[in-house]
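These notes are about the structure you will find just below.
Bear in mind that the values in this text are calculations on the coordinates, not laboratory data. Every value quoted in this text rests on a predicted model; they were computed, and no experiment measured them. Counting neighbours? That spans all protein chains shown, and the Cβs are built from the backbone with ideal geometry, glycine included.
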Amino acid sequence: MSESTQNQTNYFDLHVTGVGYVNRIREVPVKRGENFWACDIAALHGAEDAIEYTRFDCRVSGSEAAKLIKRLDKACRDKKKILIGFKLGDLYAETFVYEKGDKAGQTGVSLKARLLTISWIKVDGESVYIAPPKQEGSQEDSHEDSREDIHEGSIETEAETEKEASTSA
């Protein structure tokens, strides 16, 4: 094993894939470091005749996703309906206090995530982008996939662990 392999950390990724409407595209200024792009995604779920929405406040992390979101900024400001296929990562909840409206003073919860990839885009029902098929063995876009995946067979099942324990006893 090389030294760089020994010091490598493996990660377990939690990804959310779905279909949703993009809103509130914005460039977020940062005092230290580079500005970043963000957007809200109203993800669709449930039966076709009773669709429900879950809102995600997303930091755009994938480089290809960032290029696409920048290109959609004008369409969003023009109030066009932007529907995308997406993959999110690093999902977490954050609490806040409503400052205005009927819920002023109440605590709310915002679901935050990183927008990793966009697989397709429709603007006002017209298809404007379809991601090229991934090549075998190629890594997905952005830094989240620079971490090495956990290889098949590197995690033992409980049954395998118990079997090893009983044979070594």
Amide H proximity to residue 131 below 5 Å, modelled H, separation 5+ or other chain, gives 120
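Arrange the following residues from fewest to most other Cβ atoms within 10 Å of their Cβ: 71, 32.
Numbers: 71 13, 32 4.
Starting with the residue having the fewest Cβ neighbours, the order is 32, 71.
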Under the Karplus relation with 6.51, -1.76 and 1.60 and θ = phi - 60°, whole-Hz ³J(HN,Hα) for segment 92-104, x at Gly and Pro, equal 8, 9, 9, 8, 8, 10, 4, 9, 9, x, 4, 9, 3
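How much length is gained on full extension from residue 73 to residue 19, taking 0.36 nm per residue of separation minus their Cα-Cα distance? Kindly include the intermediate steps, with their values, before the conclusion.
Working: separation 54, 0.36 × 54 = 19.44 nm, distance 1.85 nm.
This chain segment gains 17.6 nm when fully extended.
Neighbouring Cβ atoms within 10 Å as the yardstick, rank 57, 49 fewest first. Walk me through the numbers on the way to the answer.
Numbers: 57 14, 49 5.
The fewest-first ordering by Cβ neighbours comes to 49, 57.
Checking the a/c ratio against 1.5 first, then a/b against b/c, what shape does the Cα gyration tensor give for segment 79-126?
On the way: a/c = 5.87, a/b = 1.65, b/c = 3.56.
The shape class here is oblate.
Using 0.36 nm per residue of separation minus the Cα-Cα distance, give me the extension gain between residue 55 and residue 96 in nm, one decimal. Spell out each step's value before the answer.
On the way: separation 41, 0.36 × 41 = 14.76 nm, distance 1.47 nm.
Residue separation times 0.36 nm, minus the Cα-Cα distance, leaves 13.3 nm.
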